[in-house]
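The values are calculated or read from the model by the stated rules, or taken from the named source; none is laboratory data. Here the structure is a predicted model, which means the values were calculated and not measured. Here the Cβ positions follow ideal geometry from the backbone for every residue, glycine too, while neighbour counts run over all protein chains shown. Please note that ligands, DNA and RNA were not included when accessible areas were found on the heavy atoms of the full protein model with its side chains. Shrake-Rupley method; radii C 1.70, N 1.55, O 1.52, S 1.80 Å.
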Amino acid sequence: MQARMTNPAYVLPQALKGIGTLFQAIGESGLSQEVAEIVGLRASQINGCGACVHGHTTNLRKAGTSAERIDSVSAWREAPWFTDAERAALRLTEAMTRLADRSHESVPEELWDEVADHFDEKELSALILTVSVTNMFNRINTTIKEPAGTTWG
């Protein structure tokens, strides 16, 4: 499989610069890289983005995350491998990603309070931005048919 076109972030260098700035800010927030990769993986699974699923699982493996945790992200509710903070982050990820599926507000107060109990304002900001950027890349990659196994850098 070959992509329909070069990733738009590479076609428009200023876009890539802005994305790099976002990733730098996320990295400086104090949010655990593992949490960021787990929520990125979950959003990518929901959106059917093979390139991002592959990228997040590769990053998690390189970081030493157990196979049980990686393999269970799509079934995190039934898996014992996740902390309460990670579960809150995964709930937020699903709420932010499944906007079209909602019959109520996207992030109810109960969920917001739960996530805010586990993450400070900087970490919460990074979490929200991570899920948002992942959803953006999922939409780009599924549109241009970016194949799994693509590497960026």
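Which one is least open to solvent (accessible area, probe 1.4 Å), of the residues in the range 25-65 that are part of a helix (DSSP H, G or I) and of a type in the set (S, T, N, Q)?
Ser44
Give me the pairs, please: first residue somewhere in the range 79-105 and within 22 Å of Gly48 (Cα to Cα), second residue anywhere and part of a helix (DSSP H, G or I) and aromatic (Phe, Trp, Tyr), beta-carbon distance under 8 Å, and either six or more positions apart or on two chains.
Glu86/Trp76; Arg87/Trp76; Leu90/Trp76
Taking only the range 70-91 into account, find how many residues are over 15 Å from the mean Cα position of the chain (by Cα) and of a type in the set (D, E, K, R).
4
Mind checking which residues of the range 114-139 are over 16 Å from Arg42 (Cβ atoms) and surrounded by fewer than 17 Cβ atoms within 10 Å (Cβ to Cβ)?
Result: Ala116, Asp117, Asp120, Glu121, Lys122, Ser125.
Failed condition for Leu22, given (1) open to solvent by less than 20 Å² (accessible area, probe 1.4 Å); (2) closer than 11 Å to Thr130 by Cα, with all others met?
Checking Leu22 against (1) open to solvent by less than 20 Å² (accessible area, probe 1.4 Å); (2) closer than 11 Å to Thr130 by Cα, the one that fails is (1).
From the set of residues in the range 1-37 that are farther than 17 Å from Thr151 by Cα and among the aliphatic types (A, V, I, L, M), which is nearest to the chain's Cα centre (by Cα)?
Ala36
Inside the range 87-106, can you point out the residues that are at pLDDT below 95 and of a type in the set (A, V, I, L, M, F, W, C)?
Leu99, Ala100
Quickly run through the range 10-19 and pick out the residues that are in a helix (DSSP H, G or I) and either open to solvent by 60 Å² or more (accessible area, probe 1.4 Å) or without any contact (Cβ under 8 Å) to a residue 40 or more places away in the chain (or both).
Filtering the range 10-19 for residues in a helix (DSSP H, G or I) gives 10-11, 13-19.
The answer is Tyr10, Val11, Pro13, Gln14, Ala15, Leu16, Lys17, Gly18.
So, Leu111, is that one buried (at least 20 other Cβ atoms within 10 Å of the Cβ) and free of Cβ contacts under 8 Å to residues at least 60 places away in the same chain or not?
no
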